[in-house]
1. If we scan the range B:43-66, do we find a residue that is crowded, with 19+ Cβ neighbours inside 10 Å and within 14 Å of chain A (Cβ to nearest Cβ)?
2. Output the residue which, of all residues in the range B:1-24 that are assigned to a strand (DSSP E or B) and without any contact (Cβ under 8 Å) to a residue 12 or more places away in the chain, is nearest to the other protein chains (Cβ to nearest Cβ).
3. Can you find a residue in the range B:25-34 that is touching a residue at least 40 places away in the same chain (Cβ under 8 Å), outside any helix (DSSP H, G or I) and within 14 Å of another protein chain (Cβ to nearest Cβ)?
4. Going through A:21, A:14, A:93 one at a time, which residue ends up being more than 15 Å from the chain's Cα centre (by Cα), among the β-branched types (Val, Ile, Thr) and within 11 Å of another protein chain (Cβ to nearest Cβ)?
5. Out of all the residues in the range B:22-60, which are among the acidic types (Asp, Glu) and either within 26 Å of residue A:10 (Cα to Cα) or within 13 Å of the chain's Cα centre (by Cα) (or both)?
6. So residue A:42 passes all but one of these: (1) without any contact (Cβ under 8 Å) to a residue 24 or more places away in the chain; (2) out of contact with any strand residue (DSSP E or B) (no Cβ under 7 Å at 6 or more places or on another chain); (3) within 11 Å of chain B (Cβ to nearest Cβ). Which condition number does it fail?
7. Considering (1) in contact with a strand residue (DSSP E or B) (Cβ under 8 Å, 6 or more places away or on another chain); (2) not in a strand (DSSP E or B), say which one residue B:83 fails and leave the rest.
8. Going through the range A:101-131 one residue at a time, which ones are within 22 Å of residue A:85 (Cα to Cα) and of a type in the set (D, E, K, R)?
Amino acid sequence: MQERVIEVPNSVLIGEIKKAIRAGHTATLRVKGFSMRLFLESQRDIVKLAPVRPEAVKVRDVVLAEIAKDHYVLHRVIRRDGARLTLMGDGNIRGTEQCLDTDVVGIATEFYRKGRTKPDRVDSLKWRLYSSVWLALKPMRRIILGVYRRVFV
Amino acid sequence: MKIKKGFELRDVCGEKVVIATGIENVDFSKMISLNESAAYLWQAVEGKEFDARLLADLLLQEYEVDDATALADAEKTIESWRECGIAE
């Protein structure tokens, strides 16, 4: 069978993902874009999203959220002020997004990296350690991401 | 032969695609695109037992093709569905 990559606009795909998550399912999707480097690579990795109650979203979670009408990002929550969330991609040097906790479509629970069938779960030591180290290295992101781009991509 | 449980035909962006909608997880990372005639066949036999003969008859009802072509296409369709793991 011929394999073909269909580029589906986010607004359509995420509409379907939203439907699935609202129905209580989890949804797996392929990552698009580089804003969650180093951990997640565009087109290579798959993320599993699960339903989440708005009030349960917390700092460090990776969420799929609607930051403007039909504009979605899969980024990390870096700040919470009441219902207002500030998001930032792990692979972004600056630039944050704001949304409400009710704009969160789903929360990342597992990452299938490099074609592996065994996922890295967000409650694993590996992910928690990565998160701590990566967030602590935020002032050096530009340099690390630059080296990564030159050496590994 | 039957379409496996847990697969659903949906319209995504004007494309007819089959998505794995398990009890728990819906897999959007692998979507199988069907052309118009395959989507028609899928809808006609969803939830039913079928074989190449039945698919060929369905094609004959809908399209102006001769019996041999319809049967060959039906067999090809079954083969590719089996290969994708969406029918058994």
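Here, each number is a calculation from the coordinates, and none is a lab measurement. Predicted model only: the values in this text are computed from it and were never measured. Neighbour counts are summed over all protein chains in view; Cβ atoms, including those assigned to glycine, are modelled from backbone coordinates with ideal geometry.
1. No; the residues of the range B:43-66 include none that is crowded, with 19+ Cβ neighbours inside 10 Å and within 14 Å of chain A (Cβ to nearest Cβ).
2. Step one: list which residues in the range B:1-24 are assigned to a strand (DSSP E or B), which gives B:2-3, B:7-12, B:15-21.
Cutting the leftovers down to without any contact (Cβ under 8 Å) to a residue 12 or more places away in the chain gives us B:10-11.
Details: B:10: 7, B:11: 10 Å.
Applying the filter and picking the extreme gives B:10.
3. Scanning the range B:25-34, I find at least one residue that is touching a residue at least 40 places away in the same chain (Cβ under 8 Å), outside any helix (DSSP H, G or I) and within 14 Å of another protein chain (Cβ to nearest Cβ), so the answer is yes.
4. On inspection, the qualifying residue turns out to be A:21.
5. As a first pass, look at the range B:22-60 and keep what is among the acidic types (Asp, Glu): B:24, B:27, B:36, B:46, B:49, B:51, B:57.
Of everything in the range B:22-60, those that are among the acidic types (Asp, Glu) and either within 26 Å of residue A:10 (Cα to Cα) or within 13 Å of the chain's Cα centre (by Cα) (or both) turn out to be B:24, B:27, B:36, B:46, B:49, B:51.
6. It is condition (3) that residue A:42 fails.
7. The number of the failed condition is (1).
8. A:101, A:103, A:110, A:123, A:128
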